[in-house]
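Presented below is the structure to which this report refers.
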Amino acid sequence: MSYVIGVDCGTSGAKTVLFDEAGAVIASATIEYPMYQPKNGYAEQEPSDWANAMKDTIKAVMAKSGVSRHDVRGIGISGQMHGLVMLDRDNSVLRRSIIWCDQRTSAEVDEMNRTVGRGRLVEITANPALTGWTAAKILWVKNNEPEIYSRVAHILLPKDYLRLILTGEYATEVSDASGMQLLDVPKRQWSDELLSAFEIDRSWLGQVYESCEVTGTLTKAMADELGLCEGTVVVGGAGDNAAAAVGTGVVEDGKAFTTIGTSGVVFAHTSEISIDKQGRVHTCCAAVPNAWHVMGVTQGAGLSLKWFRDNFCMAEKETARLMGEDEYHLMDKAAESVPIGANRLLYLPYLMGERTPHLDPDARGVFFGLSAIHTRRDMLRAVMEGVSYSLRDCVEVFREMNVSVSDMTACGGGGTSPLWRSMLADLYNCEVKTSASKEGPALGAAILASVGAGLYSSVQEACGAIVRTDKVQSPNAANVAEYERYYQLYREIYPALKDSFGKLAKL
């Protein structure tokens, strides 16, 4: 039996999972690490924390499993995207990594737009300039920490720093590099035009690979430390969402996944590149060679339900505690007792502004139609429906871009809710299923490693053999028509309030 390792370098911690070639979990280990916020809006982490967590979790899974080092054929790495790791000529880290959720770079975003032009940036990188993405962070260091910038010799993304630790190679792959805003996304290569415009030395950036390609092999010193074999292949891996797509089998046209975590993500595969010129969704290179993905993001998905739970569901929380039940399960049951449309109550889930499709940081949450007949259960149902409508908004943008969605997988905490899955099936008008594996990005990284190691001939073949469906929710024709009436009204509310949101923000 052959085995592969998937490493997921997340924001809260690193998780390593050892899988057999059929995708069964043999052993897993997770180690958490801190995030630092030296100022409001800043977010940083120590790359050494990632490296130590990766090494310790790999050693832990090998020790737990009893698997021979000679049977481990490959390693894949998934990771948080957009982080900036700067190294000097000796590979010493020059400063803490500025990570994805850092928002200090608004002046640099303006600089990027002035230097290149918003339209041209979208043409090359498939996305408008964004504060959280890597190029703006590089320019921030250049503008604010010139002494550090003068010593830069290498720039890597978080998971690619881990690759350097394992292999000694400076490399990246297309899915993660797409989030730097230095990659020509249609051509899948660094953009000389942007590097020249931003005065970034191309030699600082690693070689770009496809996600399943071998980027290097384990050094003898690292193999000895980890309990693995020198020469074990390390593949490109993928950014976290692209790896999750592979881990859920979203590797062919028509396939997509919806994640309901704190935010909501709708992610679809496409073999033809499609770019939204308005920048409402992200287009990036997929972890499948010569394919892309589009991704819509809603800011307040699971956050809306958590906010409602924490402020209005004390009874469910107490009952759940006494019964040893999950409070969200009790909330699901309460919402199920309310008809579609929540007795003519609609909710806009814009607690943190909105990304897709409105691009409006001033947008705020709204209960629309609230009257004396409404109960807490109606409001709960309206919250869940409002989040579902916001996710449908993402799918509508995909359809404008000629990206089809006919096969949907639900992931994240919200994906465990049967009611939420039924809402999505009815609003998308397609089957919504869950994956049998809950490993997501780690499994995706391991699948990519299995292809690079030659266990499978393609990502699609590997997913066909490994990814399994758990539950399937089909749309209900009557419900589809009923939800459509409320969804079309939902779409009218934000445009009517847009100017008022802006005025509210200025009060």
Can you tell me which of Ala334, Ala363 is out of contact with any Ser or Thr (no Cβ under 8 Å at 6 or more places or on another chain) and under 16 Å from Asp378 (Cβ atoms)? Ala334
Report yes if some residue within the range 422-432 is out of contact with any helix residue (DSSP H, G or I) (no Cβ under 8 Å at 6 or more places or on another chain) and assigned to a helix (DSSP H, G or I); otherwise report no. yes
Filtering the range 17-57 for residues that are under 30 Å from Met1 (Cβ atoms), within 21 Å of the chain's Cα centre (by Cα) and surrounded by fewer than 18 Cβ atoms within 10 Å (Cβ to Cβ) leaves a count of 2
Qualifying residue in the range 80-90 (condition: within 26 Å of Leu195 (Cα to Cα), crowded, with 17+ Cβ neighbours inside 10 Å, more than 21 Å from the chain's Cα centre (by Cα) and acidic (Asp, Glu)): no
Restricting the search to the range 91-100, which residues are touching a Pro at 6+ places or on another chain (Cβ under 8 Å) and part of a strand (DSSP E or B)? Val93, Ser97
Across the range 192-214, which residue is surrounded by the fewest Cβ atoms within 10 Å (Cβ to Cβ) among those that are within 21 Å of Asp90 (Cα to Cα) and of a type outside the set (Phe, Trp, Tyr)? Ser203
In the range 342-349, is there at least one residue being buried (at least 20 other Cβ atoms within 10 Å of the Cβ), part of a loop (DSSP other than H, G, I, E, B), on the phi < 0 side of the Ramachandran plot and out of contact with any Asp or Glu (no Cβ under 8 Å at 6 or more places or on another chain)? yes
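A quick yes/no check of all residues on (1) more than 28 Å from the chain's Cα centre (by Cα); (2) hydrophobic (A, V, I, L, M, F, W, C); (3) at positive phi:
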{"site": "Ala465", "(1), (2), (3)": "no, yes, no"}
{"site": "Asp470", "(1), (2), (3)": "no, no, no"}
{"site": "Ala477", "(1), (2), (3)": "yes, yes, no"}
{"site": "Leu489", "(1), (2), (3)": "yes, yes, no"}
Do we find a residue being surrounded by fewer than 17 Cβ atoms within 10 Å (Cβ to Cβ) and in contact (Cβ under 8 Å) with a residue 12 or more places away in the chain anywhere in the range 231-246? yes
Here the residues within the range 107-166 that are closer than 30 Å to Met54 by Cβ, small (Gly, Ala, Ser) and surrounded by fewer than 19 Cβ atoms within 10 Å (Cβ to Cβ) are Ser150, Ala153
Quick test for you: out of Gly117, Gly83, Gly41, Gly66, pick the one residue that is closer than 22 Å to Tyr149 by Cβ, of a type outside the set (D, E, K, R) and out of contact with any helix residue (DSSP H, G or I) (no Cβ under 7 Å at 6 or more places or on another chain). Gly41
Given the conditions (1) at pLDDT 95 or above; (2) more than 14 Å from Val235 (Cα to Cα); (3) outside the structural domain of Ser337 (by TED's automatic domain parsing), every one holds for Ala453 apart from (2)
If you check Thr217 against the conditions, is it of a type in the set (Ser, Thr, Tyr) and in contact (Cβ under 8 Å) with a residue 60 or more places away in the chain? no
Having 2 or more residues that are closer than 26 Å to Gly454 by Cβ is the bar; report the strands (runs of 3 or more DSSP E) wholly within the range 1-90 that clear it. 3-9, 13-20, 25-32, 72-79
All but one of (1) within 19 Å of the chain's Cα centre (by Cα); (2) surrounded by fewer than 24 Cβ atoms within 10 Å (Cβ to Cβ) hold for Gly264, so report the exception by its number. (2)
For the range 253-300, enumerate the residues that are without any contact (Cβ under 8 Å) to a residue 40 or more places away in the chain and touching a Phe, Trp or Tyr at 6+ places or on another chain (Cβ under 6 Å). Phe267
Could you grab the pairs with beta carbons closer than 7 Å, sequence gap of 6+ or different chains, first residue in the range 101-119 and more than 14 Å from Glu193 (Cα to Cα) and part of a helix (DSSP H, G or I), second one hydroxyl-bearing (Ser, Thr, Tyr) and at pLDDT below 95? Ser106/Thr131; Val109/Thr131
Contacts under 7 angstrom Cβ, first residue in the range 478-496 being at pLDDT 95 or above, partner basic (Lys, Arg), 6 or more apart: Tyr487/Arg392
Matching helices (runs of 4 or more DSSP H) fully within the range 238-334 where at least 2 residues are in the same structural domain as Ser12 (by TED's automatic domain parsing), of a type in the set (D, E, K, R) and over 29 Å from Leu18 (Cβ atoms): none
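The values are calculated or read from the model by the stated rules, or taken from the named source; none is laboratory data. The shown structure was predicted, so the numbers you read here are calculated from the model rather than taken from an experiment. Because the Cβ atoms are built from the backbone with ideal geometry, glycine has one as well, and the counts that use them run over all protein chains shown.
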